[in-house]
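**Q** Pasting a structure here, questions to come.
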2 protein chains.
Amino acid sequence: MSTAAKKWYQLNGTDADVVLSTRVRLARNLSGYPFPCVMNDEQRAKVNALVRDAVENGGSVIGSRFACIDLSEKSREELVSLVERHLISPEFAGKPAGRMLMLLDDESVSLMLCEEDHLRLQVLEPGLALDKAYDMADKLDTLLSERLNFAASEKLGYLTACPTNLGTAMRASVMVHLPALERTGALRSLSSSIAKLGLTIRGMYGEGSGSRGAVYQISNQETLGVTEKSTIEKLSGIISQLIKLERDAREKLMANPAEQDRVWRALGVLRTARMISSEEFIELYSQLRLGVASGQIKGVTLDALSELSAKVQPATMLVDAGTALTPAQRDARRAEMIRAMLGE
Amino acid sequence: MSTAAKKWYQLNGTDADVVLSTRVRLARNLSGYPFPCVMNDEQRAKVNALVRDAVENGGSVIGSRFACIDLSEKSREELVSLVERHLISPEFAGKPAGRMLMLLDDESVSLMLCEEDHLRLQVLEPGLALDKAYDMADKLDTLLSERLNFAASEKLGYLTACPTNLGTAMRASVMVHLPALERTGALRSLSSSIAKLGLTIRGMYGEGSGSRGAVYQISNQETLGVTEKSTIEKLSGIISQLIKLERDAREKLMANPAEQDRVWRALGVLRTARMISSEEFIELYSQLRLGVASGQIKGVTLDALSELSAKVQPATMLVDAGTALTPAQRDARRAEMIRAMLGE
C-alpha cells in the first residue's frame, strides 16, 4: 500500500459546492455459510480467507492495491478514526475481534468482512459521482463473483442478513451540504417529499443521528423489485434538483448583508481561536463552506476545506497526535491545525 | 489651525496598557457677570468676546493655535462628534445657540464658553499624564488671568455656578481600561474603596452611565479645602495602585487558555465581520485591547487601537462620511474601517 497516494477525501468532485461525497455499498453473502450473526469463529475465518483470496488473487491490478487490516490489532482511537472516515460502521468497530477490513490505498474502496453480511463492499467518491461509484462497485462485484459463490435467488435477488437489503442489496447515498435550505426552513417540506419518493434523508453520521453542520445523507430506501441502474438514476434526479434548489436558496440568502457577515465571522473565528470544540467546528465549518461555495469568501478553496474537515475529527486527530490528549488539549490542537491550514 | 497636526488621541502616553487618557478641567467665572444660567444674550456675547480676546491676544504662542468655533454653525452630527471626542459636554451640545468653543489644533485643549460656568478649560492627554495636564491647565489659567478678572473669595476659592466645584474648581480625571479587574469581580470592592477615598469611579460617558467595554473614569470628588497639587497627588497614587492591580489580574487571567482564546476571537471577528454595531465594537475592542496590552496578541499596536476607537464612533463616522447613513450602512462602514485598519 503506497502511503503517498492522495486520499479520496482530499479531492473535490463534481458539484462540490453542494455535494460532499457519494457512496455506493453492496452487500453480499457466500452460499453455504451462515450469516455472520450466527456463524462460529472457524466459519468466520474461512469466509474471511475466501474473500481475501478473491480480492488479492483475482488477477486484477486493483487487487494488489488493497491492504488487509485486522481490526483486533487496532487501537480504540484508530477504530473510531476509521468510523469518522466512513470506512467502517460503528457496529463493526465495536467488536473488532476476528474482524477484517480490506482497504484500497486511496481509501476510496473498503470491504468489511463479516459485518452484518459476509461482505460489505463500499465505494466512496468526492462530489457527485453516482455513476462512477456504481461502475467501480459493479466492476469489483464482477471480479469477486468469479471466485466467490454469492447467495442469491431468482425471485429475491441477492440474499442478505437483513430483509431490508434483499434484491439489489445496494445502498447508494450522497452526502450533501444544505445550509441555505436548512436556514430558510425549506428543507423541512423537502424532506417529506424526498421520503415519499422512496428515498431517505438523514443527518451526517448515519441512522438515528440529527443533522450537524447542515450535512445530510440522502440514500435509496428500496432494494427489492428494482434494478441498480434505476436506483442510481432516481437518486441522481433528486440530487440534481436539490443542488439547484440549494444554489438558488444560497443566492437569495447571500444577498443579505447580515448573512454575508455571518459567514465572514466564521472565517474570522476559525482563523484566530485558540480552542475549538468538535461541535463548534462543525457549525463554523458549515458557515465557512457556505461562504466559500457561494463565492462570498475568496482565497480559501473547497479542496482545502474538505481536507481540513477530515483532519480535525476527534479520533483522527488523536491518531495523528500519536499521544493521549485531554479534551482541552484536543480543542487547542484542533484550533492550531485550523489556523495552520486557513492562515492567521 | 493646522489640519496636519496629529490629534492627542492618536498618541499613546505613559502606562497606555491601562490608562487611556487623562483630563484636567478648570471652571472659572468672570467677576461682575451673572452665571450663564441667568445671563442674557448681551452678557453672554460680552463674556465670550472677553475670553476670546484673552486667549488670542494674551501674547502667548499657544493662543494663535486655537480655533474659535461657533456651535450654532455646526450640524447635529458634528456636535455629537465633539461630545464623542470629549471636547464638549452633552449639555453644551444640546443648546448650541450663541455658544462658542475654543479648540487647540491638536484638540488637547478645549475651552467651553458660557457652559455651566463662564469658562470651562479642559486639557486632555493620552495615557497617564496628570502632572503634564495640570501644568498645561495651570499655565493657561495664569495666561488668561492676566486679562480676565476671575471671581474668587479668600474663603471659598474660585466661585462656580454649582457649589460642588467651589474651591479649586478643578476636576482631574483619568480614563482607565480595567477588563481584568472587571472580569474577575475584584472591581466591585475596589470601587467602594475608591469612593471612601473621596474619589469617584464611573462608566465611560460621564455621570450616570454604566461601564461599557470595561472603561472607567476616576476623578476627584473634593474641591473645597484642598489644593490642586494635593488633589493631583492623591489621584496619582490611587491610579498607580489600580494600574498594578489590573496588570497582576491580567497576568493571572491571560494564563488561562480560555481567556487567551477569547481575546483572539475578538480580533478574528473584528478582522472579518461585515457589520458591527457600536455596542458590539466596544465589547470586542475591549477584549482586543486586553489581548494587545497583555502581549498575547502581537502585530497590532495600542496606538492603532486608540486611533481606531476614535474613528468608529457613530457621529464621528457620520461626519467623516459626509453623508447620511442608515444604521445598517453605518454598521457596514464601521466594519469596513476596522478591516482597513486591522488588516483582514
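The values are calculated or read from the model by the stated rules, or taken from the named source; none is laboratory data. Not measured: the values here are computed from a predicted model. When we count neighbours, we look across all protein chains shown, and the Cβ atoms used for this are built from the backbone with ideal geometry, even at glycine. Just so you know, the surface numbers come from the protein's heavy atoms only, side chains and all, with ligands and any DNA or RNA stripped out. Shrake-Rupley method; radii C 1.70, N 1.55, O 1.52, S 1.80 Å.
**Q** After finding the eigenvalues of the alpha carbon gyration tensor for region A:216-344, what semi-axes result from the square roots of 5 times each, listed largest first in whole Å?
**A** Computed over region A:216-344, the values are 32, 23, 11 Å.
**Q** GNM on chain A, C-alpha springs below 10 Å: top fluctuator among A:GLU91, A:GLU116, A:GLU56?
**A** For chain A, modelled as a Gaussian network with Cα springs under 10 Å, the answer is A:GLU91.
**Q** If you don't mind, another one. To make sure I understand the rule: partners must be aspartates and glutamates, Cα under 17 Å from the Cα of B:LYS234, and not fewer than 8 residues away in the same chain. Which ones qualify?
**A** Candidates past the 8-residue exclusion: B:ASP131, B:ASP135, B:GLU222.
**Q** Among the listed pairs B:LYS7/B:LYS139; B:LYS252/B:LYS298; A:LYS46/A:LYS95; A:LYS311/B:LYS298; A:LYS311/B:LYS252; A:LYS244/A:LYS298, give every one whose C-alpha distance is greater than 25 Å.
**A** Checking Cα-Cα distances, A:LYS311/B:LYS298; A:LYS311/B:LYS252 exceed 25 Å.
**Q** Roughly how many Å is it from the Cα centre of region A:291-306 to that of region A:125-156, as a whole number?
**A** About 34 Å separates the Cα centre of region A:291-306 from the one of region A:125-156.
**Q** Tally up the carbon and sulfur contribution to the accessible surface of the protein assembly as shown as a whole percent, 1.4 Å probe, everything protein left in place.
**A** Carbon and sulfur atoms account for 51 percent of the accessible area of the protein assembly as shown.
**Q** Give me the accessible area buried between chains A and B, both sides summed, with a 1.4 Å probe, in Å² rounded to the nearest 100.
**A** Interface area, both chains combined: 1400 Å², rounded to the nearest 100.
**Q** Right, here's the next one. Could you pull the copy-to-copy label distances for B:ARG147, with points set 7 Å along Cα to Cβ, in nm to one decimal and sorted shortest first?
**A** From this label point to the equivalent ones elsewhere in the assembly: 10.7 nm.
**Q** Give the residue from A:ILE297, A:GLY322, A:ILE282 lying farthest towards the positive end of the charge dipole for region A:214-330; charges sit on Cβ (+1 for Lys and Arg, -1 for Asp and Glu) and the dipole is referred to the Cα centre.
**A** A:ILE297
**Q** Can you give the Rg to Rh ratio of region B:277-344, both from alpha-carbon atoms, with Rh computed by the Kirkwood formula?
**A** 0.99
**Q** I need the shape label for chain B. Rule: rounded when a/c is under 1.5, else prolate if a/b > b/c, else oblate, with a, b, c from the alpha carbon gyration tensor.
**A** Oblate shape, in that a/c is at least 1.5 and b/c is the bigger or equal ratio.
**Q** A follow-up question, please. To confirm my reading of the symmetry, which residue of chain A has the Cβ nearest the axis that brings A onto B, and what whole-Å distance does it have?
**A** Residue of A nearest the axis onto B, distance in Å: A:GLY268, 2.
**Q** Distance from the Cα centre of region A:208-246 to that of region A:158-194, in angstrom?
**A** 5
**Q** In debye, nearest 20: dipole of region B:131-213 around its Cα centre with unit charges on the Cβ of K, R (+) and D, E (-)?
**A** Using only the charged Cβ atoms, the result is roughly 400 debye.
**Q** If you don't mind, there's one more thing I want to ask. Note down the magnitude of the dipole of region B:1-133 about its Cα centre, charges +1 on Lys and Arg C-beta and -1 on Asp and Glu C-beta and zero elsewhere, to the nearest 20 debye.
**A** Here region B:1-133 has a charge dipole of around 140 debye.
**Q** Continuing with this model, one more query. Distance between Cα centroids, region B:4-67 to region A:322-340: provide it in whole Å.
**A** With region B:4-67 and region A:322-340 each reduced to a Cα centre, they are spaced 57 Å.
**Q** Treating the angle as unsigned and between 0 and 90°, give the value, to the nearest 10°, between the Cα long axis of helix B:327-342 and the longest Cα principal axis of chain B.
**A** 70
**Q** Further, regarding this structure: For every other residue with a beta carbon closer than 14 angstrom to the beta carbon of B:SER240, add +1 if it is Lys or Arg and -1 if Asp or Glu, then tell me the sum.
**A** Value of the local net charge: -3.
**Q** Here is a further query. Find which of A:PHE66, A:ALA54, A:LEU103 sits farthest along the positive direction of the dipole of region A:37-123, computed with +1 on the beta-carbon of Lys and Arg, -1 on that of Asp and Glu, about the Cα centre.
**A** A:ALA54
**Q** Let me ask another. Using a basic spin-label model with each label point 7 Å from the Cα along Cα→Cβ, how many nm lie between B:ASP248 and B:GLU91?
**A** 3.9
**Q** Could you check the spin-label model distance between A:LYS46 and B:ALA321? Points 7 Å from the Cα along Cα→Cβ, value in nm.
**A** Label-label distance for A:LYS46 and B:ALA321, simple model: 8.1 nm.
**Q** With the dipole of region A:215-268 worked out from charges on the C-beta (+1 for Lys and Arg, -1 for Asp and Glu) around the Cα centre, which of A:ALA266, A:ILE218, A:ALA249 lies farthest toward the positive end?
**A** Working it through, the farthest residue towards the positive pole turns out to be A:ALA266.
**Q** Dipole of the protein assembly as shown, Cα-centred, from +1 at each Lys and Arg C-beta and -1 at each Asp and Glu C-beta, to the nearest 20 debye?
**A** Using only the charged Cβ atoms, the result is roughly 400 debye.
**Q** For B:ALA137, what is the net charge nearby, where nearby means another residue's Cβ is under 13 Å from its Cβ and Lys, Arg count +1, Asp, Glu -1?
**A** +2
**Q** Over every pair of different alpha-carbon atoms in region B:25-73, take the mean of 1/r and invert it; report that Kirkwood radius in Å.
**A** 12.3
**Q** Any idea how far apart A:SER240 and B:ASP70 come out in nm if each label point goes 7 Å out from Cα toward Cβ?
**A** 7.5
**Q** Please give the direction-averaged projected area of the C-alpha convex hull for the protein assembly as shown, in square nanometres with one decimal.
**A** Approximately 36.6 nm², given one-decimal rounding.
**Q** Per residue, how much accessible surface does the protein assembly as shown expose to a 1.4 Å probe? Answer in Å², no decimals.
**A** About 43 Å² of surface per residue is accessible.
**Q** Here's another thing I want to ask about it. Just to be sure I understand the interface: list residues from region B:239-277 that lose 50 Å² or more of accessible area between the chain on its own and the complete protein assembly, 1.4 Å probe.
**A** Residues passing the criterion (a loss of at least 50 Å², heavy atoms only) are B:ASP261, B:TRP264, B:ARG265, B:THR272, B:ARG274, B:MET275.
**Q** Tell me, what is the Rg over Rh of region B:146-293, with Rh the Kirkwood radius over Cα pairs?
**A** Result for region B:146-293 is an Rg/Rh of 1.10.
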